[in-house]
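The values are calculated or read from the model by the stated rules, or taken from the named source; none is laboratory data. Note that the structure is predicted; figures quoted are calculated from it, not measured. In this analysis, Cβ positions are derived from the backbone assuming ideal geometry, glycine residues included, and neighbour counts consider all displayed protein chains.
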Amino acid sequence: MSQRDLCVAAVLLLLCIQCLHGSALPAVSSYEFTAYRMQQYDLAQQKHGCRGAIVVAEARSADEPVLTRRCVIMKVMDFTTEKFLEAQRQNAAAILVLLQKNISNIPHDTIQSFMMSESAVLLKETLMPVYVAPEDEQLLYMYEEVKQAAATRTSSVFIRVLRSMVTATAFQILVSNNVAIKAFNDNAIITLEGVLPGAGEDPPTIVITAHYDSFGLAPWLSYGADSNGSGVTILLELVRLFQKLYSSSSTRPPYHLMFSLTGGGKYNFLGTKRWIEENLDHAESSLLHDNVAFVLCLDTLANSDELYMHVSRPPKPDTPMHAFIQQLEEVVLSRFQWVKVGMVHKKINLIESTVAWEHERYSLRRIPSFTLSHLEDPKSELRGSVLDTTSQVDLRKLKRNGIIIAEALARYMYNLSDKGSPKDIQLFKGQMDFHDARMSHLMSVLTSVPRATQLLDREPAHMVLVNSLEHEFKQYLQQVHRHTFRQDKRDPDITFYDQMNQPIVMYRVKPAAFDLFLGGCIAAYLGIVYYAIQNFGFLYTKLKAAVKSKQQ
């Protein structure tokens, strides 16, 4: 090799090392973030969710062909049942799902696909830890890097080797908590009840109820805006409006109006079950004992132009429930013709250990009841998703559904069928109208914290939410009672598990091949410098002659 070639090689090597130095990661290259573990619970002797929490693995894209002992990084658009099962089949170390902050920017088809996969995954049990984390700049950087790494797997061998040695960045995911996951079944399920007493002696009772808890892939990210923040919002507005009617003896109808907000709705409606048992089996006097006209359960009512009445048995003619449903259909037909109304008859399967709708808890005790929802299928993925946020709520449709219920209820209780059509007689307008601002505020409060059952009696902010609901009842209703149900520790209905939120550390590191490559570059550089020093006189003479020749 000539002296000139050595000089050129030295310069190129310097530039190469400079480029490597510029692209190298900082000496302290770690990032800590909070991720939320997938549901883990036992219900009706069946285990659900993930059983693992510890992760020590390299991050890889779901597009990689080999996922064994790797932490699979996915976005919402990547998460499918097929990819989950493939990661499980290959014994992946974990799955980390990055949740987009602004759900409203996610296409509707993507949301539906994710919800369906989420619903399917929640039915399964897996030892593989599954975490969900809100996106941020660092996590998106990691996601893009692992996606690019997966793309280069299809490149030539030379490009793959070069990238792995020089430009590749590996990410190590670590959950360092070595404490064993513990089960707990001492959580409290709270149900609230309140009454507007009707006129006359021993009037029949109408019960309006909604469950207030939420469900989703990760409890700490389950805000349940539509399911069932919408049912709670409508119920609280009905409480406020009907309190005005009951406040005057001249407008008080001959019906007791009982309202209840039940806990444990996402877990076989345990709060409803225990509340019914307490009223029917243990209380000496209760409005549920006898003379119940019907029970109306509100569930998922913040979207769609469809309303379904779910019943365990079709109501017989000349019954209060049949008359109310007729009034509801008349209100829709007269004022909201574009809304589709239908009845879904589903018998209760006594062999199954769980019920599909809240009204089935009442039907099992032979209390006439039905559930009103914009969902036709009780197994709809919308009833339990981390994507069920306020972006899924249409406040106009929520208000419309509230008006339909209120008008139908008033027409039934005041027997307004002979007084005029629902279009001619509208009680809920002007000062009696549903307040847009109040409904929006109620929805904001309900979705301010996740309402997962296992959090509501353990976290201060969540306990404040339940207290706020009780305050709303006390402001407008009489005979307000707070029922706190605890499970039998020897034979619990449901068992939860801890460690649902974990600090995770992401280390950005270079592969071992990079150290070898960098060491080789440094050795070559030092060799060239040593050679140049040993032959400095000769190089100086050549350089001086070249400069002199150029000047002439």
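The table that follows gives values for the structure above.
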item	result
Criterion (touching a residue at least 24 places away in the same chain (Cβ under 8 Å), in contact with a strand residue (DSSP E or B) (Cβ under 6 Å, 6 or more places away or on another chain) and either surrounded by 21 or more Cβ atoms within 10 Å (Cβ to Cβ) or over 24 Å from L469 (Cα atoms) (or both)) met by exactly one of T233, T272	T272
In the range 268-279, the residues that are modelled with pLDDT of 95 or more and outside any helix (DSSP H, G or I)	F269
From the options S334, S304, residue that is in contact (Cβ under 8 Å) with a residue 40 or more places away in the chain, surrounded by fewer than 22 Cβ atoms within 10 Å (Cβ to Cβ), of a type in the set (S, T, N, Q) and touching a Pro at 6+ places or on another chain (Cβ under 8 Å)	S334
Counted residues, the range 364-376 - those being out of contact with any helix residue (DSSP H, G or I) (no Cβ under 9 Å at 6 or more places or on another chain) and modelled with pLDDT of 95 or more	1
Residue check for A92: touching a residue at least 24 places away in the same chain (Cβ under 8 Å), surrounded by 17 or more Cβ atoms within 10 Å (Cβ to Cβ) and part of a helix (DSSP H, G or I)	no
Residue check, S104 in contact (Cβ under 8 Å) with a residue 12 or more places away in the chain, loosely packed, with under 14 Cβ neighbours inside 10 Å, more than 22 Å from Y41 (Cα to Cα) and under 20 Å from the mean Cα position of the chain (by Cα)	yes
Given (1) part of a helix (DSSP H, G or I); (2) modelled with pLDDT under 90; (3) closer than 16 Å to V132 by Cβ, number of the condition C19 does not satisfy	(3)
Residue in the range 302-314 that is assigned by TED's automatic domain parsing to the domain that holds P450, modelled with pLDDT under 95 and over 30 Å from the mean Cα position of the chain (by Cα) present	yes
Among (1) in contact with a Lys or Arg (Cβ under 9 Å, 6 or more places away or on another chain); (2) in a helix (DSSP H, G or I); (3) surrounded by 17 or more Cβ atoms within 10 Å (Cβ to Cβ) - the single one M321 does not satisfy	(1)
Search result, residues across the range 328-344 that are basic (K, R) and outside any strand (DSSP E or B)	R335
In the range 461-492, residue surrounded by the fewest Cβ atoms within 10 Å (Cβ to Cβ) [restricted to those that are charged (D, E, K, R) and closer than 19 Å to T209 by Cβ]	K474
Among residues of the range 464-505, those that are under 24 Å from the mean Cα position of the chain (by Cα) and part of a strand (DSSP E or B), counted	9
Among the residues listed as F84, F114, F79, the single one being aromatic (F, W, Y), outside the structural domain of L455 (by TED's automatic domain parsing), in a helix (DSSP H, G or I) and within 15 Å of the chain's Cα centre (by Cα)	F114
Flag if K419 is more than 19 Å from the chain's Cα centre (by Cα) and either at pLDDT below 95 or under 29 Å from L287 (Cα atoms) (or both)	yes
Conditions (1) farther than 15 Å from S334 by Cβ; (2) surrounded by 19 or more Cβ atoms within 10 Å (Cβ to Cβ); (3) not polar (S, T, N, Q): number failed by H435	(2)
Of all residues making up the range 409-465, the number that are charged (D, E, K, R) and in contact with a Phe, Trp or Tyr (Cβ under 8 Å, 6 or more places away or on another chain)	1
Per-region count, the range 220-267, residues outside any helix (DSSP H, G or I) and closer than 23 Å to Y36 by Cβ	8
Matching residues in the range 362-394 - criterion: being outside any loop (DSSP other than H, G, I, E, B) and surrounded by 17 or more Cβ atoms within 10 Å (Cβ to Cβ)	Y362, S363, S369, F370, T371, L372, S373, E381, L382, R383, T390, Q392
